[in-house]
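Comments concern the structure below.
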Amino acid sequence: MLNILATEEKKKILTEYRLRLAVVSVFAVAALVFSSLILLSTSYLLAVSKYNDAKTGLVALQEKDNRESQEKDVTARILAVNKNIDLFLKSDTTSTLMPSSVITKILDIKGSAVKIIGFTYDANAGQERIVVIGTALNRDSLARFVEALKKDPMFTSVDVPISSYVKSSNIDFSVVIVRKTKK
């Protein structure tokens, strides 16, 4: 086979061949990318739609759960308030009182010569036991405080150790008060 084309013509033809091959390759790759994007876009839209539906359903379930928990909280509060109302409506003196009401009663009785430092409250089956710890200015003020506690019908027994009367002033004392309650 005889080659009669000039070398420059051969180079131009080879360059033109390579350019055509590059253009066809670019268009082929572009066509593949475009077609794959079209095919994947439907899957993407379906996935986004399902994600949004799941998110909406989760929000709805959380709102429902919050409403149910709020209803339970309100019901529990109502039951607690009803229980407190029943406790206050009872006029029976042998029923259990709140510790705060017993302590308030003792503070009302104490007078100005007696200073109370602390309380210990213990409620066992059938009785309440309150230990009052404090300081009295003198024996007379301590005796008046103990007598006032003994006269109160709320308390079953009031005991003061003899050792509390040893000092004549600035007496550190502890009074044990017992109150019977219903079982």
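Here are a few things to note about the model shown:
- Principal-axis analysis of the Cα atoms of the chain puts helix 99-109 at an angle of about 40° to the longest axis.
- With the simple model of a label 7 Å out from the Cα in the direction of the Cβ, Phe27 to Gln62 spans 5.3 nm.
- Fewest-first ranking of Ile4, Ile116, Ile106, using other Cβ atoms within 10 Å as the exposure measure: Ile4, Ile116, Ile106
- If R0 equals 22 Å, the separation of the Cβ atoms of Thr120 and Leu87 corresponds to a calculated FRET efficiency of about 0.45.
- The stretch 99-180 gives an Rg/Rh value of 0.95, both radii derived from C-alpha positions and Rh following Kirkwood.
- Cα centroids of the stretch 145-178 and the stretch 1-79: 87 Å apart.
- Angle of helix 139-151 to the longest C-alpha principal axis of the chain, folded into 0 to 90 degrees and rounded to 10: 80°.
- Relative to the longest principal axis of the Cα atoms of the chain, the long axis of helix 7-89 lies at roughly 20 degrees.
- Listed by chain and number, the lysines whose C-alpha is less than 29 Å from the C-alpha of Lys105, apart from same-chain residues fewer than 8 away, are Lys83, Lys90, Lys115, Lys150, Lys151, Lys167, Lys180, Lys182, Lys183.
- Entry for Rg and Dmax of the Cα atoms in Å (calculated from the structure that is shown) out of [x] 46.5, 145; [y] 15.4, 45; [z] 24.1, 90: [x]
- Within straight-line cross-link reach of Lys50, lysines at Cα separation under 30 Å, skipping those fewer than 8 residues along the same chain: Lys64
Quick note: the coordinates plus some simple rules give every number you see, no bench work behind them. Being a predicted model, the structure only gives us computed values, none of them experimental. Note: ideal-geometry Cβ built from the backbone for every residue, glycine included; neighbour counts use all protein chains shown.
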